[in-house]
Amino acid sequence: MRIDSHQHFWRYNTSDYIWMSDEHQVIRKDFLPEDLQPLLDDKAIEGTIAVQARQMLKETDFLLDLADKYPMIKGVVGWVPLCDPQVEDYLAQYAVQKKIVGFRHVLHDEPDDDFMLRDDFNAGIKALGRYPLCYDLLIFEKHLPQTIQFVDKHPGLTMIVDHIAKPKIQGNAFDIRWAKHIRQLAERDHVCCKLSGMVTEVRDNQWDVELLKPYFDVVLEAFGTDRIMFGSDWPVCLLESDYSTWVDTVASLIEKLTPEEQSAIMGGNATRVYLDPIKIN
């Protein structure tokens, strides 16, 4: 299956989506499965992983409800209060849901850059590790050193780095610090990486495949073709790219790989990591 491993749905309101500023005007409206389906059909993408965009239990319920109604949604990465002493109860409640595949916390918005190293947070992650589920890492490049420490605490839990850890992408200065740390992170076999969210990290006025290619090359070298997965980050990607253009961009980046390797990146890895209950490690 060709799978988009990272996209969002929402019914927009000003109270739940406070992270959307005036710069996000183009996405400050509803985005639902009926809006995405034609885009998937156009690119022969058969399914998606819907990822949380709000840090509240009703977000997980919202996505699971959509997943029950729309077969295109193959899995849901939801949210639970991982720092809550009762997190085990929440995990047990959701783990029985057929389409829950993992959870995520918006780490890069936490005021404390070391939030992921807190004891209470790690207690929640440890509890998550007792289930055949994954954890999505939403971080900025600056969080990579802490992330390496964090993932080493949980070697039995499959983790997926969203948006290649959001390096600063610009034509006149390659993010060397990011490259060093993402390579170190990739040495951990239980960590995968999403080829997503790159266009919204571009500091230049415009982007093209050649600007993104050095970052893709590092990720490919570091993670290999069996731990990278295509994701659109739709509708957030609309800030810089339409859906079709991003799919074509990824196709261009991977065109020199073998058909089997391309197939793995475009869906095989997401199927194995998210939808197969057997963990990759």
**Study point:** I139 being in contact (Cβ under 8 Å) with a residue 24 or more places away in the chain, among the hydrophobic types (A, V, I, L, M, F, W, C), crowded, with 17+ Cβ neighbours inside 10 Å and in contact with a strand residue (DSSP E or B) (Cβ under 7 Å, 6 or more places away or on another chain)
**Key:** no
Review point. Is it true that some residue in region 72-80 is in contact with a helix residue (DSSP H, G or I) (Cβ under 7 Å, 6 or more places away or on another chain), closer than 22 Å to L239 by Cα and assigned to a loop (DSSP other than H, G, I, E, B)?
Key: no
**Study point:** Residue among E110, E141, E88 that alone is of a type in the set (D, E), under 22 Å from D61 (Cβ atoms) and modelled with pLDDT of 95 or more
**Key:** E88
Practice item. For residues that are of a type in the set (D, E, K, R) and in a loop (DSSP other than H, G, I, E, B), scanning just region 28-48, find the one that is nearest to W10 (Cα to Cα). Key: D30
Review point. So, in region 96-120, of the ones that are over 15 Å from the mean Cα position of the chain (by Cα) and surrounded by 17 or more Cβ atoms within 10 Å (Cβ to Cβ), which residue ends up farthest from G47 (Cα to Cα)?
Key: F115
Revision key, fill the gap. When (1) closer than 20 Å to H163 by Cα; (2) over 18 Å from the mean Cα position of the chain (by Cα); (3) not hydroxyl-bearing (S, T, Y) are applied to K43, the one that fails is (1)
Check your understanding: Got a sec? Which strands (runs of 3 or more DSSP E) wholly within region 105-207 have at least 3 residues that are touching a Phe, Trp or Tyr at 6+ places or on another chain (Cβ under 9 Å), over 23 Å from F230 (Cβ atoms) and of a type in the set (S, T, N, Q)?
Key -> none
Exercise for review: Pairs only if they're at least six apart or on different chains, beta carbon under 7 angstrom, first in region 1-23 and surrounded by 17 or more Cβ atoms within 10 Å (Cβ to Cβ), second of a type in the set (K, R) and part of a strand (DSSP E or B); list them, first residue then second.
Suggested key: I3/K74; S5/K194; H6/K194
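The values are calculated or read from the model by the stated rules, or taken from the named source; none is laboratory data. Please read all numbers here as calculations on a predicted model, not as lab measurements. Virtual Cβ from ideal backbone geometry, glycine too; neighbours counted across all protein chains shown.
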